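Just so it is clear, none of the values below were taken in a lab; they were calculated from the coordinates. The structure presented is a predicted model; accordingly, all values stated were derived computationally and were not measured. No Cβ is skipped: glycine too gets one built from the backbone with ideal geometry, and neighbour counts run over all protein chains shown.
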Amino acid sequence: MNQHSRPQAIAFIDLVSQRQRLGKAIDDAVARVMGHCQFINGPEVTQLEAALAAFSGARHVVTCASGTDALLMVLMARGVGRGDAVLCPSFTFAATGEAVALTGATPVFVDVDEATFNLDASSLKRGIAAARKAGLKPVGVIPVDLFGQSADHDAVAAVAEAEGLFVFDDAAQGFGASYKGRKLGTFGIATATSFFPAKPLGCFGDGGAIFTDDADLAETLRSIRVHGQGADRYDNVRLGLTGRLDTMQAAILIEKLKIFEDEIAARNKVADRYARGLGNLVTVPRLASGCTSVWAQYTIRLPEGTDRDGFAAALKAQGIPTAIYYPKSMHQQTAYRNFPVAEGGLPVSERLSEDVISLPMHAYLDEATQNRVIAAVRGAVST
Ligand SMILES: Cc1ncc(COP(=O)(O)O)c(C=O)c1O
């Protein structure tokens, strides 16, 4: 490299390499859909649901139009509404609390664990107390498997059981990970996931799925995703949505699911090398005992006093993109700041919003590129 050449830019998430790897398999899958023209509810939708059930161990899978719809549809099916409180972590993507608010119920925000970024069961108890004080009826909790790591499902279930709440897992980032040897998709009453292109298992547009062992819930969800249909689509027995995953996306996901385990293994190798290369300088993500991650994000915490914007700019100058998930926790957002929070506040969520930063992470990050990222982070933190 001479002094005038710019370092080659690294992809934050490399969809192009995956597309090249899958090449003809995806082309053929799309061509099959173009051949039969059943763009809605084509045979690939049912095939994908069966493949996702086999992969996760869940009895029923209902695909849908997005991760947000997956969250909303389950809450609708449960009849969650005005006067109800649903507890969720504040340090998450907005869709988690948004789905609750869209039903007319109240999201009550709770804090997360400093080491894993996932819901803190002791804050959950304080959130339930805050909900009751606000005159609300706590009915459920939505743990989030943030950045790809499974939440502490036993700890959440213990509090939920004692308080009579349902547990509904938001695995939009964590699908493919496991907890104590069990794949996500099998905890609580149901699990929601997203197939947004940047997710560990993503399609070529928007998509999502719901996993459940409850046959009645699955049947209600199938009705909700087609405007609350009953005997047929012009018999409307409940409120619903245009909530379907289209056939083209299903066909693409069938092919992507075949290489998903292999991609998860590759992501874990990247995470291990990052941890070895950076662990003595920044706070690297920690997997809790019994938890695995699919590394939707590789999120580090910078040493106290580091200028995060300056750090990001130093990496950018070397062609290395970064992202901040999330610059504000939900309870700090304009749309959500009037909803209740757990007693004692949410200090961990607020701290994390100030010092986290995510590094490039995907299954196609070769060792030379990983070394570039590691060297750049080390250089930027030490200066
Ligand atoms: C934690 C979490 N929940 C829900 C969603 C919503 O998924 P979608 O973008 O497919 O609606 C996302 C994805 O962006 C997410 O990260």
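Suppose we keep only residues that are touching a Lys or Arg at 6+ places or on another chain (Cβ under 8 Å) and hydroxyl-bearing (Ser, Thr, Tyr) within the range 45-79. Which one would you say is nearest to the ligand (Cβ to nearest atom)? In this case the residue turns out to be 63.
Determine whether residue 196 is assigned to a loop (DSSP other than H, G, I, E, B), aromatic (Phe, Trp, Tyr) and in contact (Cβ under 8 Å) with a residue 40 or more places away in the chain. Here the answer is yes, as residue 196 does meet what is asked.
Here is the figure for the range 331-383: residues that are small (Gly, Ala, Ser), crowded, with 18+ Cβ neighbours inside 10 Å and under 19 Å from residue 92 (Cα atoms) total 4. Within the range 203-259, the set of residues being more than 15 Å from the ligand (Cβ to nearest atom) and among the acidic types (Asp, Glu) comprises 213, 214, 216, 219, 232, 235, 255.
Quick grid of which residues meet (1) under 18 Å from the mean Cα position of the chain (by Cα); (2) buried (at least 20 other Cβ atoms within 10 Å of the Cβ):
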position: 247; (1), (2): no, yes
position: 253; (1), (2): yes, yes
position: 260; (1), (2): yes, no
position: 266; (1), (2): no, no
position: 273; (1), (2): no, no
position: 278; (1), (2): no, no
position: 281; (1), (2): no, no
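Note on the range 84-101: residues that are assigned to a strand (DSSP E or B) and more than 10 Å from the ligand (Cβ to nearest atom) total 4. The criterion of at least 2 residues that are touching a Lys or Arg at 6+ places or on another chain (Cβ under 9 Å) is met, among helices (runs of 4 or more DSSP H) falling completely within the range 210-329, by 215-224, 260-278.
For the range 102-135, filtering for residues that are away from the ligand (no atom under 16 Å from the Cβ), assigned to a loop (DSSP other than H, G, I, E, B) and farther than 17 Å from residue 330 by Cβ leaves 4.
Residue 30 meets each of the listed conditions (1) within 16 Å of the ligand (Cβ to nearest atom); (2) under 16 Å from residue 257 (Cβ atoms); (3) assigned to a helix (DSSP H, G or I) apart from (1). If the condition is being more than 12 Å from the ligand (Cβ to nearest atom), among the charged types (D, E, K, R) and not in a loop (DSSP other than H, G, I, E, B), then the range 138-173 contributes 154, 161, 163.
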